[in-house]
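The values are calculated or read from the model by the stated rules, or taken from the named source; none is laboratory data. Since we're looking at a predicted model, the values are computed, not measured. Cβ placement follows ideal geometry from the backbone for every residue including glycine, while neighbour counts extend to all protein chains displayed.
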Amino acid sequence: MRWSICTPGTRISRRSSWPSTVPTIPPPRCHRPGPRQHRRPGRDAMFAEVLRHESRQRAVPTGVLGGTLAVFTFFGLAVSGSLGSALDSLTASMPEALTAFIGGDSPGGYVVGEIFTLMAPIALVAYGIIAGAGLFAGEEREGTMAVLSAQPVTRRSLLLAKACSLLLSLVVIAGLFWGGMTVAALVFDSELTAGALAAGSTHLVMLALAFAAVALAVGAATGRPELASGTAGGLAVISYLTSAMLPLAGLEQWARLSPWHYALGSDPLRNGIDLSHLGAFAAIIVVALVAGLVAVNRRDLKG
């Protein structure tokens, strides 16, 4: 009888079919760990990451501009408190339309009017236009768009994340500006209230965001930040002159076509927030963002 060994613990005869009494012990299996799988972040995580990255990049200019406006307005109200009677007598003899143009009829006097009708809005609008023009087109000019496009994030999410970061920057700047004005109003016993200043600052933020959205849309459609900033800046200057000059010529109704009218025309320092005017800004912003999304999805991105 010839025997063959099948396993170390079992012997089976070629002529016999019964196993031995020794149980079969299967050989141990060795599990080798495979390569680690690195999960890529999801779209929501990438949206948040782009938002944080953009906010960090703009932290320094945002703080500098907001702090500058706060300090400037504080000392501006200090001057207004000491020269208030002289400035009031100077503007009292001016025509009503001219007084409104230079801000002499604003609560707090001439200096407050100049700050709210000229200096602060120009600073916010200029910042919004420059930043908005570079949000998308700036990435293409610097050659970093390919890195962003390779991430698991859609163009729509990318554009909206950048727009949200710009909104946060404008809110921070306006918040610092509001803080400086509020402290100055308390220190120098001005008739301005924190609520009135908050209403005026809200209107200025929406004004700046409207022109920033236009700059963002043009930049997303063309990939040229210079063209985007030039287009939005030209519209801002023309609309400002329209809002300021047409009432002097007795054409107040035509001045309603200007976005500046919806920022200052309702006199938010006296009357508070005007929801209809904010709604007009919201419509401009939504139309500009939708146009930018449609344009950026239809063209090949550079860089």
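List of remarks:
- Qualifying positions in the stretch 139-164 - closer than 16 Å to Pro225 by Cβ, surrounded by fewer than 21 Cβ atoms within 10 Å (Cβ to Cβ) and either of a type in the set (Gly, Ala, Ser) or at pLDDT 90 or above (or both): Gly143
- Listing of helices (runs of 4 or more DSSP H) fully contained in the stretch 167-283 that carry 1 or more residues being surrounded by fewer than 17 Cβ atoms within 10 Å (Cβ to Cβ): 194-222, 225-245, 268-271
- Here Ala184 does not fit the description of being on the phi < 0 side of the Ramachandran plot and out of contact with any Phe, Trp or Tyr (no Cβ under 8 Å at 6 or more places or on another chain).
- Residue that is part of a helix (DSSP H, G or I), modelled with pLDDT under 85 and out of contact with any Phe, Trp or Tyr (no Cβ under 6 Å at 6 or more places or on another chain), where the choices are Ala126, Ala131, Ala100: Ala100
- Annotation note: Cβ proximity below 6 Å between a residue of the stretch 243-258 that is closer than 15 Å to Leu207 by Cβ and a residue that is outside any helix (DSSP H, G or I) (sequence gap 6+ or interchain) occurs for Ser243/Ser258.
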